[in-house]
Amino acid sequence: MSAKALVDCLYWIATNKCTLHCMHCSGVFGVGDHVEEQSIQKQIRLIKNSEITFNTLQVLGGEPLLAIQKKHIKQLRPYFKKIVLITNGTLLPKRKWVFKSFDEIHLSVYGTKLVDKSVKRMGSEHDAYWDEMLSLLAKKNNLFLMAAVMNFNLLEIPKLAKLSANAGKRLLLVRYLGKKYNPADWKVRGLLDKLKEFNVVFKNACFGPYYNEKLLCPAGVERLCYNNYFRGVTPCLFIDKVLGEDLSLETYKSALVWRKQVQLKAYADNSCADCKFLAECGAGCMAQNLLHSKEPFCHAKAISEKE
């Protein structure tokens with residue numbers, strides 16, 4: 001893995017099954033447990049036979065620990081410089097091997113009652129869960145709190161920052177576009193200003209680098225996603241357009257075409273670049289626009305339709 005990787009990151013959605021039943025989430029693509037999933041070994045063979053090289057593998061779901069075992073990560077270790085697990089943490093106490101097998105474990109609080117009142121975990125059970133998670137956070141050097149920045153959990157972020165600081169850790173804030181809930185960036189920026197004393201890392205999962213240059217979707221260049229229940233490769237986590245059945249160079253070429261289409265659409269006639277709302281929405285998810293001829297979070301379009 002000394003040579004430069006062709007693509008920075010591969011997201012591996014190994015399973016869509018989950019230990020939680022959050023009202024706001026019906027799975028990454030809303031298919032839940034209704035789709036027959038390929039075996040983990042078949043998925044691993046597809047990844048190992050990839051013609052595309054990657055730096056990082058991010059393992060997620062659903063709850064990936066329902067499907068992933070220690071032997072699976074051991075098989076994939078030679079193919080990546082870094083392997084990261086994104087988990088809701090419910091199975092961590094029973095999967096102690098995880099802390100040695102993964103370079104980083106991101107404890108996603110997106111699906112926990114701390115930020116989402118819809119999770120069916122109440123009272124003392126919830127308190128016991130968080131006591132256990134915070135204890136692990138203080139003990140494990142490669143375990144971090146991670147929160148998706150959405151409107152509905154902005155008020156909880158200071159609480160998360162303090163929890164991370166008390167454990168001597170950084171808080172990873174991740175922003176996704178094209179989701180059901182659209183983050184208001186101006187609120188996030190104001191919030192980060194108030195959290196300067198804490199070690200907060202803001203990662204933009206779909207657009208970047210954050211406000212240093214034009215916000216263009218890097219789907220197909222910086223990252224790809226293998227979705228086992230779509231039986232193929234998609235340009236990002238949230239777009240159900242299958243670019244190819246395997247991780248071939250032809251799939252990568254398709255991704256480059258996809259990215260060019262996204263960029264052309266996003267900045268056709270400078271409609272997004274010159275928009276006064278650009279700082280808030282970051283041009284939105286133009287891939288959704290390409291697929292469905294509709295960008296659900298376009299403020300300018302909403303205003304023009306009203307007029």
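Just so it is clear, none of the values below were taken in a lab; they were calculated from the coordinates. Source: prediction; values computed, not measured. Counting neighbours? That spans all protein chains shown, and the Cβs are built from the backbone with ideal geometry, glycine included.
Observations on the structure shown:
- Members of LYS71/LYS96; LYS4/LYS48; LYS82/LYS194; LYS48/LYS169 lying beyond 23 Å, as alpha-carbon distances in this model show: LYS82/LYS194; LYS48/LYS169
- Residues TYR252, TYR79, ranked from the fewest to the most other C-beta atoms within 10 Å, line up as TYR79, TYR252.
- Table column - 3J(HN,Hα) (Hz), the range 225-240, Karplus curve with 6.51, -1.76, 1.60, x for Gly and Pro: 10, 9, 9, 5, 7, 9, 6, x, 9, 10, x, 7, 5, 10, 10, 8
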